[in-house]
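Notes follow once the structure below has been shown.
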Amino acid sequence: YAGDAQVHLIYGQNAAQSAFFEFNIGEKSAGVTSPGFMLLIAGFFTAAPDTWVPAIIKAADLLFWYGLILVVFMTAKTLLRSTVWAVIASLAAGLLPGSAYNATNGMENGIFAFFILVWVLMAMRSGWFSAPRSLRDSYPTELALGALLGLACWFRPEGLIVVAIALGFRAVLSLRSRP
């Protein structure tokens, strides 16, 4: 653990002791850019011995990283209609130095990317990018897609940019589909 990964670990450990958003106990600070990751780590500190938590976090990060590679494969195969190109895209995503480093260092970036790409894949498969259907027919899908984006925002504030783009796209699509 080094740098931001260590900072998240301390915030999570303190949050497990009901000291939310406190790097130094008793002193609130705005150093947490990932409340969802802090709460996940706090849950691990609550459920397991403190000495196990760093390894548990790294294992969870690796699982999400492998999940991200799988979702990249599934998304690329859907878009490109080619298993070969989907494998190449998966390898490219999985071998990015920053991605590999963060997944093994105890960071939340891979979890964030996993939620965003699962959202993209689910939106593609549900027809979300085409003309809106009636709310009654699409409510469960819209709810699931919103929950995924909400989770992504809890893990990285950049998720709000994706939300803004998605809402803007959907607004334009709705306006264009009106008679």
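A few remarks follow.
- In the stretch 1-28, the residues that are out of contact with any Leu (no Cβ under 8 Å at 6 or more places or on another chain) and among the aliphatic types (A, V, I, L, M): Ala2, Ala5, Val7, Leu9, Ile10, Ala16, Ala19, Ile25
- Scanning the stretch 50-65 for residues that are over 18 Å from the mean Cα position of the chain (by Cα) and in contact (Cβ under 8 Å) with a residue 12 or more places away in the chain returns Asp50, Val53, Pro54.
- Residues that are among the small types (Gly, Ala, Ser) and either open to solvent by 40 Å² or more (accessible area, probe 1.4 Å) or in a helix (DSSP H, G or I) (or both), drawn from the stretch 70-82: Ala76
- Subset of the stretch 11-67 (residues that are among the polar types (S, T, N, Q) and touching a strand residue (DSSP E or B) at 6+ places or on another chain (Cβ under 6 Å)): Asn14, Ser29
- Top-ranked residue of the stretch 83-124 - restricted to ones that are among the aromatic types (Phe, Trp, Tyr) and crowded, with 17+ Cβ neighbours inside 10 Å, ranked as farthest from the chain's Cα centre (by Cα): Trp119
- Every residue from the stretch 11-54 that is in a helix (DSSP H, G or I), buried (at least 19 other Cβ atoms within 10 Å of the Cβ) and among the hydrophobic types (A, V, I, L, M, F, W, C): Ala15, Ala16, Phe37, Met38, Leu40, Ile41, Ala42, Phe44, Phe45, Val53
- Qualifying residue in the stretch 125-142 (condition: open to solvent by less than 60 Å² (accessible area, probe 1.4 Å), modelled with pLDDT of 90 or more and within 22 Å of Met74 (Cβ to Cβ)): no
- Odd one out for Trp128, checked against (1) in contact with a helix residue (DSSP H, G or I) (Cβ under 7 Å, 6 or more places away or on another chain); (2) in a helix (DSSP H, G or I): (2)
The values are calculated or read from the model by the stated rules, or taken from the named source; none is laboratory data. As the structure is a computational prediction, the values presented were derived from the model and not from experiment. Backbone-built Cβ (ideal geometry, glycine too); neighbour counts: all protein chains shown. Areas reflect the complete protein model, heavy atoms only, side chains present, ligands, DNA and RNA absent. Shrake-Rupley method; radii C 1.70, N 1.55, O 1.52, S 1.80 Å.
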